[in-house]
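What follows is calculated from the coordinates using simple rules that are stated; it is not laboratory data. Remember, it's a predicted structure, so these values are computed and weren't measured experimentally. Cβ: placed from backbone, ideal geometry, glycine included. Neighbour counts: every protein chain shown.
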Amino acid sequence: MPTRRRILQAAAVLALPSVARGQGAHVLKVVPQADLAVLDPVWTTSYQTRDHGFLVFDTLFGLDSNFRASPQMADGVVTEADGKTWRITLRDGLTFHDGSKVLARDAAASIRRWGARDGFGQSLLAACDEIAAPDDKTIVFRLKRPFPLLPDALAKASPSMCPIMPERLARIDPFTQVTEMVGSGPYRYKADERVAGDRVVYERNDAYVPRSDGTSDGTAGPKVAHFDRVEWHIIPDSATVAAAMQQQEIDWWLIPDADLLPLLHRQTHTTVETVWPTGFIATMRFNQLIPPFDNPAIRRAIIGAVSQPDYMIGMVGTDPALWRDQVGYFCPNTPMASSAGMEALTSRRDLGAVRKALADAGYKGETVVVLTPTDIASAKALAEITADMLRKLGMTVEAPATDWATLVQRRVKTDPVEKGGWSIYHTSWAGLDMINPAGHPFLRGNGRAAGPGWPSSSAIEALRDEWFTAPDLAAQQSVARRIQLQAFTDVPYIPLGQYFAPTAYQSNLTGILKGNPVFWNVRRT
């Protein structure tokens with residue numbers, strides 16, 4: 001019997017996490033997938049930072065479950081000059097956590113800072129001549145050319161969002177982390193209660209004024225905070241979390257381990273459901289600044305050894321309802337997905353042929369460092385499968401074990417491996433992040449601006465620009481097919497399959513919204 005199962009059978013004698021039962025009606029206790037390593041949602045694409053960002057910061061637009069952008073901090077929008085001028089008016093009652101009013105110049109500076117890092121934002125800024133604030137309530141975009149997806153860019157919820165912060169913070173270099181958390185969102189970050197590796201605490205912002213129109217849907221509509229506090233409890237051991245859920249010590253486990261789902265389903269007071277309908281796409285990301293993966297022929301050779309079913313079974317088990325293979329560079333069952341070039345992933349796997357391809361490509365035994373997180377079971381499985389595969393190919397492999405928070409810090413290093421750098425890391429993106437080229441976080445080829453991995457591909461960038469100007473859906477799909485073919489040539493990353501990760505929460509909670517986890521609209525009955 002696996003050790004985890006034995007632990008669960010002995011749950012009654014477990015030393016459960018130190019989570020007070022007092023004030024249960026007023027405190028929402030959550031176990032995230034990993035600790036919060038970075039506070040600045042512009043500086044990283046980590047989902048923990050994004051979820052933190054939506055607690056602390058508000059956005060000009062929200063995105064509903066049908067992927068439609070609607071005003072959030074914005075009160076209204078007017079377009080002029082054949083779509084080359086946009087005027088956004090802020091709604092009344094917006095204040096930052098320090099008591100100051102939210103002004104248009106705060107928003108303009110925040111957009112510029114976010115746009116310097118985010119892929120969709122970079123495209124928006126490239127289309128802009130100016131982002132101005134002629135008065136305290138009006139933001140004006142003057143464009144070189146029409147950009148009809150402007151509200152969609154400002155509404156994007158994942159992997160990064162466009163957080164509106166005070167101008168003095170928004171003027172900080174986007175490649176430098178902001179550590180002072182002053183937003184205007186429904187909760188305040190409690191820096192004085194933060195304990196790294198143990199807990200993150202948020203307190204309701206009583207000055208927050210939700211929208212009065214519409215219904216809560218995704219990140220759109222009213223953001224009503226029903227709990228006085230939201231507490232994230234960092235508990236790396238999944239068996240301990242499962243036992244805490246069983247004894248109702250924890251309210252919400254964002255992403256339980258797949259092999260614990262049957263246990264959670266059997267608990268009569270626990271609800272297990274899928275709130276991410278597009279699932280998640282697992283990925284292998286190369287560091288393209290240093291050998292051996294600065295060589296595209298070596299990256300292409302590795303594709304020939306990748307078995308998506310092996311990765312998916314290793315992550316979530318054999319239940320075919322929880323995963324799918326034959327996944328390309330766009331989320332399956334969305335308009336841009338296609339079969340273009342998929343034989344690279346679906347043809348018969350031949351490790352002997354891959355070994356020869358690596359030799360022909362010039363692999364010279366360089367050390368490959370595969371970052372291996374120990375506190376996220378799914379990411380750990382991906383790293384272990386890759387390390388084993390590369391060793392079978394005759395590559396020299398190191399797989400340093402660390403927690404996810406440390407990995408997030410290390411993956412920004414551009415040093416050689418002998419100086420603390422890295423070669424490969426694995427992560428998963430919500431399928432929503434990969435539905436088209438606009439916001440796709442890994443389908444960029446703009447080098448140092450592309451984020452950790454730093455792929456350079458002028459061909460992918462040119463095709464992405466072409467996609468933005470495509471006149472209709474058919475034309476967009478045609479360009480997307482060409483992007484996928486180019487991606488199989490340049491290999492900015494390798495898709496490893498799609499999986500569906502249910503969330504688990506106590507059945508006395510209501511109002512949990514579909515999509516990215518948000519903590520407003522949730523109440524205890």
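Under 5 Å between amide hydrogens, built in the peptide plane, is the criterion, and for Val397 it picks out Val368 among residues at least 5 positions away or on other chains. Take each peptide in 91-101, 405-415, 119-129, 246-256, count the other Cβ atoms within 10 Å of every residue, and average; sorted highest first, the result is 246-256, 119-129, 405-415, 91-101. Distances between placed amide hydrogens fall under 5 Å for Ala430 paired with Ile281, all partners being 5 or more residues away or on another chain. Per-residue 3J(HN,Hα) values for the stretch 270-276, derived from phi via the Karplus relation 6.51 cos²θ - 1.76 cosθ + 1.60 with θ = phi - 60°, read 10, 9, 10, 8, 8, 9, 10 Hz in sequence order (x marks Gly and Pro). Just report the Cα centroid separation between the stretch 23-69 and the stretch 185-249, whole Å. Going from one Cα centre to the other spans 9 Å.
Straight-line reach from Lys101: taking Cα to Cα under 19 Å and skipping same-chain neighbours fewer than 8 places apart, the aspartates and glutamates in range are Asp58, Asp75, Asp92, Asp135, Asp136, Glu167, Glu180, Asp206. Couplings 3J(HN,Hα) of the stretch 499-505, computed from phi: 9, 10, 10, x, 10, 10, 8 Hz, in residue order, whole Hz [Karplus 6.51 cos²θ - 1.76 cosθ + 1.60, θ = phi - 60°; x for Gly and Pro]. The residues packed around Gly121, meaning those with a beta-carbon under 13 Å from its beta-carbon, carry a net charge of +3 if Lys and Arg are +1 and Asp and Glu are -1.
Within straight-line reach of Lys144, meaning a Cα separation under 25 Å, sit the following lysines at least 8 residues removed in sequence or on another chain: Lys84, Lys156.
Taking a straight line from the alpha carbon of Lys356, these lysines sit under 20 Å away, with near neighbours fewer than eight places off in the same chain left out: Lys364, Lys392. The amide H of Cys128, built 1.01 Å from its N in the peptide plane, has Lys144 as neighbours under 5 Å, considering only residues 5 or more places off or on other chains. Rounded, prolate or oblate: which one fits the chain, using the alpha carbon gyration tensor with axes a ≥ b ≥ c (rounded when a/c is under 1.5, else prolate when a/b beats b/c, else oblate)? Oblate shape, in that a/c is at least 1.5 and b/c is the bigger or equal ratio.
Short version: ³J(HN,Hα) in whole Hz for each residue of the stretch 133-149, in order, from phi by Karplus 6.51 cos²θ - 1.76 cosθ + 1.60 (θ = phi - 60°), x for Gly and Pro, what are they? For the stretch 133-149, the Karplus-derived couplings read 10, x, 8, 5, 10, 10, 10, 10, 9, 10, 10, 6, 8, x, 9, x, 8 Hz, x marking Gly and Pro.
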